[in-house]
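Where a number appears in this text, it was derived from the coordinates with a stated rule and is not lab data. Note that the structure is a prediction, hence the values are computed from the model and not measured. Here the Cβ positions follow ideal geometry from the backbone for every residue, glycine too, while neighbour counts run over all protein chains shown.
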Amino acid sequence: MVRSLSVVSIQPSSTPKPSSPSTTSTQDGFWEGAMSVTVDGQAVGLNGRTAILDTGTTLVIAPPADAAAVHAAIPGAKSDGQGGFTVPCTTTASVALTFSGQTFDINPQDLLFAPVDVNDLQGDCISGISSGQIGGAQQWLVGDVFLKNAYFSHDVTKNSISLAKLV
């Protein structure tokens, strides 16, 4: 088994302008920031949310009502009745999260966690956004489905995080 840890330093001259830093707001030390959500550029009524950004989490986990609102705005999305959702494997829907006034699109391909039927790649795929209760009713747990679409840095000396768009 190969294991690695990459430690890098951010070179301001070679990266896009990051979002304004957000500080952690939990006693547990989670990297958390204020966030809003859009689907295909349209607000879905989910302002005042916070997101714990977690590189150890694969999916995006949203409160049940929030996950349902996001999927209601994605054509062809369906609930599995157990907190999960499916989306068409051919979706072009753009879900975006906004932090500190900067909007970060999730590549539609990254919304597709796995096909429901591996023999039907034109059918439905399991959504990378699922429902679950993380903390408060407005708190999300945001993992790799989103994070692979942005540069994410944290400064432990200033207790802050920043996001920047991929170049």
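Before moving on, here are some points about what is shown:
- Diffusion coefficient (Stokes-Einstein, Kirkwood radius over C-alpha pairs, 37 °C, 0.692 mPa s) for the stretch 93-165: 230 µm²/s, rounded to a whole number.
- Cβ crowding within 10 Å, taken as a proxy for footprinting-reagent exposure, orders Trp140, Trp31 from fewest neighbours to most as Trp31, Trp140.
- Test item: Cα-centred dipole of the stretch 110-167, Lys/Arg +1 and Asp/Glu -1 on Cβ, debye: 400 debye
- Length gained on full extension, Asp120 to Thr55: 20.4 nm, using 0.36 nm per residue less the C-alpha separation.
- With all pairs of different C-alpha atoms in the average, the Kirkwood value for the hydrodynamic radius of the stretch 31-165 is 14.9 Å.
- On the basis of the beta-carbon distance and an R0 of 35 Å, Ser160 and Ala69 show a calculated FRET efficiency of 0.75.
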